[in-house]
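Single-structure report; data block below.
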Amino acid sequence: GVSLSPRDGKVCTFDCLYCEAGFNAQGPGTAGLPSRGEVSRLLDEKLAAMKAAGESLDVITFSGNGEPTMHPDFEAIIDDTIVLRDEICPSARISVLSNATQIGRESVRRALRRVDNNILKLDSAFDDTVRLINNPCGTYSVAEVVKNMKLFDGQMILQTMFLRGECEGRTVDNTTEREVAAWLKLVEEIRPRQVMVYSLDRDTPCKTLQKVPREDLQAIAARVEALGIPCSVA
């Protein structure tokens, strides 16, 4: 795993009810974002050490305690990572877990197109539900995000967190028929090469959320696959 966020804080364009890194209220800390040089140096050292120890590596994943594509040198960091991967562990894949808020930027799209797995989030087809679950910081429009996702021409993975429960007296449920039907229409419109559906697995800052049973996720996945799009359940 590679984090492009501060070591002692959180920087993200979402403030999700379910984020394992906690709410943004914890603040960005004082360490600041790691520099491009620091990321490259540390990754080089880690990959070389693993190779020397005979340890195999499946995936280098950019995620961490914030949104990786917010980093001002994100594209250059991806370029550096590809070079290191090709030199030291050519069989490893590179993945990016992103909330898709930055894909309106051409440099971010270019970088995401160069990685093996660009995993982009869309938790609902409705702006109101996104505001409830993801609590975007600033302007957010599902229509705009979908428009930008379509620029990938299917070369992306769509990821959706399904959950139920309540938080601060508000009902949270993006598994209703209204939600799922509208979401499926967008999946069909975007036509990603793969969809990933999942539910809660780790501690959440809002303690009254509920994990969706696996059989419910499998039922949603079957409806995605009926569109001719592979769908995995985690």
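The values are calculated or read from the model by the stated rules, or taken from the named source; none is laboratory data. Just so it is clear, the model here is predicted, and its values are computed rather than measured. No Cβ is skipped: glycine too gets one built from the backbone with ideal geometry, and neighbour counts run over all protein chains shown. Accessible surface areas use protein heavy atoms only, side chains included; no ligands, DNA or RNA. Shrake-Rupley method; radii C 1.70, N 1.55, O 1.52, S 1.80 Å.
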Taking amide hydrogens as modeled 1.01 Å from N in the peptide plane, which residues meet the under 5 Å criterion relative to ARG93, leaving out close sequence neighbours?
VAL59, ILE60
Run the 1.4 Å probe and let me know the accessible area of CYS16, rounded to the nearest 10 Å².
10
What does the helix-only formula give at 222 nm for the chain: each DSSP H stretch with n ≥ 4 adding -39500 (n - 2.57), the total divided by the residues, and the result rounded to the nearest 500 deg cm²/dmol?
-11000 deg cm²/dmol
Return the long-range amide H neighbours of GLN194 (sequence gap of 5 or more, or a different chain), with a cut-off of under 5 Å between placed amide H atoms.
MET156, LEU158
Compute the distance in nm between two label points, each set 7 Å from the Cα along the Cα-to-Cβ direction, one at VAL83 and one at ASP116.
2.1
From the convex hull of the Cα coordinates of the chain, what is the mean projected area in square nanometres?
12.9
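Hey, what did region 1-77 get for relative contact order, percent, Cα under 8 Å, at least 6 apart? Can you show the working numbers first?
Numbers: 96 pairs, mean separation 38.6, N = 77.
Relative contact order of region 1-77: 50 percent.
Can you say what percent of the DSSP beta bridges in the chain, counting only those with both residues inside, are antiparallel? Round to 5. The partial results should precede the final answer.
On the way: 7 of 29 bridges.
Here the share of antiparallel DSSP bridges comes out near 25 percent.
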For Cα pairs less than 8 Å apart in space and 6+ apart in sequence, what is the mean separation divided by the residue count of region 75-234, i.e. the relative contact order in percent?
19
Over region 33-100, what is the relative contact order in percent, taking alpha-carbon pairs closer than 8 angstrom and at least six residues apart?
47
Euclidean distance between Cα centres, region 1-70 to region 102-177, Å
20
Give me the angle, in degrees from 0 to 90, between the Cα long axis of helix 214-225 and the longest principal axis of the Cα atoms of the chain, rounded to the nearest 10.
80
With θ set to phi - 60° and the Karplus curve 6.51 cos²θ - 1.76 cosθ + 1.60, what are the ³J(HN,Hα) couplings of region 96-103 in order, to the nearest whole Hz, using x for Gly and Pro?
10, 9, 9, 7, 6, 6, 9, 6
Hey, quick one: spin label on ARG178, modelled 7 Å out along Cα-Cβ, who in region 100-126 has an amide N within reach, i.e. under 15 Å?
124-126
